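The values are calculated or read from the model by the stated rules, or taken from the named source; none is laboratory data. Computed from a predicted model, the values in this text were never measured in an experiment. As a convention, Cβ positions derive from the backbone with ideal geometry for all residues, glycine included, and neighbour counts pool all protein chains shown. These area figures cover heavy atoms from the full protein model, side chains too; ligands, DNA and RNA do not enter into them. Shrake-Rupley method; radii C 1.70, N 1.55, O 1.52, S 1.80 Å.
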Amino acid sequence: MKLLVVSDSHGERNDLEQLNAKYLDDVDAMIHCGDSELAADDPTLQDFAVVAGNCDMDSRFPKELILEVDGSNIFVTHGHLHQIKSSLLSISYKAKEHHAKFVFFGHSHLLGAEMIEGTLFVNPGSISYPRGGNERSYAIIEKNQIEITVKFFNETHKELTHLTNTFEIE
């Protein structure tokens, strides 16, 4: 399984169009964790599974998504409704409710990956407005039979190798 995860593009279509052109035929799903600030029917988002962020005004976006890809449940939300800037506790409870093995969220504009009790939590950072001294970023998550690898890339598609994480599957 191979997934592209992006968040917090804040109206910037060009980066999303480039991701679509580069990865559409190379990944099993493309996921946007909210704050696209585009309309739900914007052609730029047509190939992405998208949730609403706190800056999204189009009520057609769902607040949360449960996706199944290659037999794995994936919980997608923006994060603002789960206070992710304080703790991952609320979002982890929601993940357990849905038996999710992957949780993707944005909101803080801070990239990171963490395995908690067998569930992988990934914030891809912001493709447009990063915080915390980070570069503009998105994530590629790859799962095989024995491990999950999370790689972060900048907007020019250069891998940020110092941020790569590999987690054994429990």
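So the values come out like this:
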item: Of all accessible heavy-atom area on the chain, the percent that carbon and sulfur account for (1.4 Å); result: 45 percent
item: Of P130, P62, P43, the one that fluctuates the most in a GNM where the chain has Cα springs shorter than 10 Å; result: P43
item: Exposed trypsin sites (Lys or Arg not before Pro) absent: longest stretch of the chain, with sites in DSSP loops and at most 12 other Cβ within 10 Å deemed exposed; result: 1-59
item: Backbone HN-Hα couplings from phi across segment 148-156 [Karplus 6.51/-1.76/1.60, Hz, Gly and Pro as x]; result: 10, 10, 10, 10, 10, 10, 8, 5, 9
item: Bridge type composition, the chain - antiparallel percent by DSSP, nearest 5; result: 70 percent
item: Segment 1-99, relative contact order [Cα under 8 Å, separation at least 6], %; result: 21 percent
item: Estimated 222 nm signal from helices in the chain, with DSSP H stretches of n ≥ 4 weighted -39500 (n - 2.57), rounded to 500; result: -3500 deg cm²/dmol
item: 13 Å reach of a label modelled at D41, 7 Å along Cα-to-Cβ, counting backbone N of segment 8-27; result: none
item: Accessible area expressed per residue, segment 1-92, with surrounding protein chains retained (probe 1.4 Å, Å²); result: 45 Å²
item: Farthest positive-ward along the chain dipole, Cα basis, beta-carbon charges - from S108, A21, I140; result: S108
item: Tally of Lys pairs whose C-alpha atoms are under 20 Å apart, taken over the chain, 8 or more apart or cross-chain; result: 18
item: Highest-MSF residue in the chain out of S137, S59, S36 [GNM, Cα springs under 10 Å]; result: S59
